[in-house]
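Scroll down for the structure; my scribbles are underneath it.
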Amino acid sequence: MKYYYAPMEGITGYLHRNACHSFFPEIDKYFTAFLVPNEKGKLNTREKQDILPEHNEGFFLVPQILTNRADCFLAGERTLRNYGYQEINLNLGCPSKTVVSKFRGAGFLAKPEELDHFLEEVFAHTECRISVKTRLGRDDPEEFARLLEIYNKYPLEELIIHPRTQKEFYKGRPHQDIFAYGQKYSKNPVCYNGDIFDRASYDEWTGKFPQADRVMIGRGLLTNPGLIQVLSGGLMPEKQKIRAFHDSIYQAYREHMPGSKVVLFKMKELWVYLIDLFPDSRKYGKRIRKAEKLPAYEDAVRDLFEERELRTL
């Protein structure tokens, strides 16, 4: 099985990726949060920092582009090729209303003819391998049949399917029957994405899809950065390793972020997920959320690690 780390805007930047790779090197591919190049391929300062090769050494990184304009995609591709990238992912999965309202991300799925023309233009001029991360449609899972007809016209590196619609966001169960349809009829390699949180959910999925050979995980890895070693038959990481992983990210943020308020905000974003590793940890999570100074934050984290054990899987 190949394991991919799904991007989460604001959390899984290069500092986070480097910590993950140092402590949990089992991940086969990382993906950046979406980049939004203009028609000249220009990236903003934060985006440049995130894709610099010297910030992403030792692991496979795929930049992800969010756009509904072929000229902007191709301009962004040229910029990324100049940095040495040979594979790019097109984001057709983001369900955010601010993105969808501009017919980007999953919003682009509502315009299949325009999407087809977009891909035709991209594949007529691209010099990179192109993968697509898609949802099933904007409103109805049945939209996917038409979308798959479009994807099958082009030589995708892979088709990453999150089997929910845009309107479903992350609610309800993924439509496994529609994923099965995609796996059966796609002419391109298929990757699954959605609701793999632990060994039980992984075993349930592999039991339904024994031919699957790649999976993208996001929230599950944010909650348990050692999840891949568990899915590969290993044990849960020791608490000391999780603490060292946390400390590595915390120190990197303190060295690279502009001030303690930003560091606190970034760490609190991480703890939205990481706190679930610890049973009966509500009061510690509350202390972390309410910390306004770094010493208070550090005390809350220290007490959590000293007084609570990791949950078992």
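The values are calculated or read from the model by the stated rules, or taken from the named source; none is laboratory data. Source: prediction; values computed, not measured. All Cβ positions, glycine included, derive from the backbone under ideal geometry; neighbour counts span all protein chains shown. For accessibility, only protein heavy atoms count, side chains too; no ligands or nucleic acids. Shrake-Rupley method; radii C 1.70, N 1.55, O 1.52, S 1.80 Å.
Remarks
- 10 Å binning of all Cα-Cα separations within the stretch 68-156, expressed as whole percents from 0 upward: 17, 51, 28, 4
- Between helix 260-274 and the chain: long-axis angle, C-alpha atoms, 0 to 90°, nearest 10: 80
- When the solvent-accessible area of the stretch 1-50 is split by element, carbon and sulfur atoms take up 51 percent of it, the probe being 1.4 Å.
- Rounded to the nearest 10 degrees, the inclination of helix 294-307 to the longest alpha-carbon principal axis of the chain is 80 degrees.
- Segment Lys187-Leu294, length gained on full extension (0.36 nm per residue, minus Cα span): 33.4 nm
- Between the stretch 223-276 and the stretch 54-79, the Cα center-to-center distance that results, in Å: 26
- Only helical runs count toward this figure. For the chain, summing -39,500 (n - 2.57) over DSSP H runs of n ≥ 4 and dividing by all residues gives -13500 deg cm²/dmol at 222 nm.
- Taking label positions 7 Å along the Cα-Cβ direction at both Arg199 and Glu39, the computed distance is 5.6 nm, reported to one decimal.
- For the stretch 153-216 versus the stretch 1-45, the inter-centroid distance based on Cα atoms is 20 Å.
- Stokes-Einstein translational diffusion, the chain - Kirkwood Rh over all Cα pairs, 0.692 mPa s, 37 °C, in µm²/s: 161
- The long axis of helix 70-82 is offset from the longest Cα principal axis of the chain by roughly 60 degrees.
- Rolling a 1.4 angstrom probe over the protein heavy atoms with all chains in place gives the chain an accessible area of 46 Å² per residue.
- Two-decimal log10 I(q)/I(0) for the stretch 1-119, as the Debye equation yields it once each C-alpha is a single scatterer, q = 0.10, 0.15, 0.17 Å⁻¹: -0.30, -0.68, -0.86
- Put simply, the stretch 178-241 fits an ellipsoid with semi-axes of 26, 11, 9 Å; these come from the alpha carbon gyration tensor as the roots of five times its eigenvalues, largest first.
- Segment Lys286-Tyr83, extension gain: residue separation times 0.36 nm, minus the distance between their alpha carbons: 68.9 nm
- Orientation-averaged projected area, Cα convex hull of the stretch 232-311 (nm²): 5.5
- Set Lys184/Lys239; Lys171/Lys208; Lys102/Lys241 screened for pairs whose C-alpha atoms are more than 31 Å apart: Lys184/Lys239; Lys102/Lys241
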